[in-house]
Amino acid sequence: MQPDSQVTKKPSLARAIKFTLGDAWHNAGKIILSNLFWTATFIPCLLVGLKIRENFSPLWLLLLGGSFLLTSPALAGIFVISRKIAVKEYEIEIKDFFAGIKEHWKKSLIFSFICVIIPLVAGFSLMFYGELSKTSFLSIIPWVISVWILIFFFLAQIYLFPLMISQKMGIRGILKTSLLLALNNIGFTFLIFLFELVILFLCSITGVIFLAGVSIIALLQSNTFVEVAKRYTGKEIRKEVKIGKAGPRTLRDVIRDVFFPWKYD
């Protein structure tokens, strides 16, 4: 993915955040419903994880791996919905969530596995070489390398799932492109990552993570990719939405948006 020589406009942090918050507000029903589907698949992982914490055994670990097979593909469905919201495709149906799972479940599973393994390995390396550096000064070198690997991975992961949904690439191509996008837009991506941490923290301490937190983070990453993509394609892929004068919202409108977010007049 190379920048267009005629396009030098950098991605806008303000636009990415503005569109994310606006999209979340105006599409709360779809965000909540898709997040609840993910939560339903995550509950087995949560219960097994709590059981492992009380009494570790290889059997419970195996069950945790099996539960993970249910959770990760649901992320594909969430990102399909979030991308459609981000580019202003308002004809969204519940079948889009399951179509996303069917089409992208393999890659979603692989990327979810990568997003768990790399931080675990890097985190273990930090602890190991941190202790070793107390007796060997040279151990600080692999410790610093582990820090940078962790930083660049967290930045690159912002683009993994949006690329998976929008681009026809293999696993290696998506990983490489994600890293290049992060490096070429490092300031913008770093600020997005900090905002993502804020959302994750607030949603986790309030429990909103199970209601809408995952979908909001997916929406943030989708809008981030839309902003970055303009630098390389020279095109605004968000569809222009013209909203005419509308009358006051009726009780029917409110009920439809809350309980039937997939239906439109």
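Each value in this text was obtained by applying a stated rule to the coordinates, not by laboratory testing. No experiment lies behind these values; they were computed from the predicted model shown. Cβ atoms come from the backbone with ideal geometry, glycine included; neighbour counts cover every protein chain shown.
Here are some notes:
- Sites counted here are chymotrypsin sites (Phe, Trp or Tyr not before Pro) in a DSSP loop (not H, G, I, E or B) having no more than 14 other Cβ atoms within 10 Å; the longest part of the chain that contains none of them is 91-263.
- From phi via Karplus (6.51, -1.76, 1.60), per-residue ³J(HN,Hα) for the stretch 214-228 in Hz, x at Gly/Pro: 5, 5, 5, 5, 4, 5, 4, 5, 5, 5, 5, 5, 4, 5, 5
- Stokes-Einstein D (µm²/s) once Rh is taken as the Kirkwood radius of the chain over alpha-carbon pairs, at 37 °C in 0.692 mPa s: 163 µm²/s
- Label-reachable residues, the stretch 25-41, where backbone N falls under 20 Å from a point 7 Å from LEU50's Cα toward its Cβ: 36-41
- Between the C-alpha center of the stretch 154-180 and that of the stretch 56-117 there is a gap of 15 Å.
- The chain: calculated mean residue ellipticity at 222 nm from DSSP helix runs of at least 4, using -39500 (n - 2.57): -26500 deg cm²/dmol
- Label-point separation, GLU103 to VAL116 (7 Å along Cα→Cβ), nm: 2.6 nm
- Within a straight-line Cα-Cα reach of under 27 Å, LYS51 cannot be paired with any lysines, leaving aside sequence neighbours fewer than 8 residues apart in one chain.
- Efficiency of FRET from Cβ geometry, PHE124 and TRP60, R₀ 30 Å, rounded to 0.05: 0.90
- What the Cβ-Cβ distance of ARG172 and ALA28 gives, at R0 = 45 Å and to the nearest 0.05, is a FRET efficiency of 0.75.
- Cβ-to-Cβ counts within 10 Å put SER67, SER108, SER12 in ascending order as SER12, SER67, SER108, the fewest first.
- Exposed trypsin sites (Lys or Arg not before Pro) absent - longest run of the chain, DSSP non-H/G/I/E/B, at most 12 other C-beta within 10 Å: 10-133
- Contour excess over end-to-end distance, with Cα ends at TYR90 and ILE43 and 0.36 nm allotted per residue: 14.0 nm
- Candidates per GluC sites (Glu not before Pro) in the stretch 47-155, loop by DSSP, up to 10 other Cβ within 10 Å: GLU91
- The slack between ILE151 and LEU36, meaning 0.36 nm per residue of separation minus the straight C-alpha distance, is 38.4 nm.
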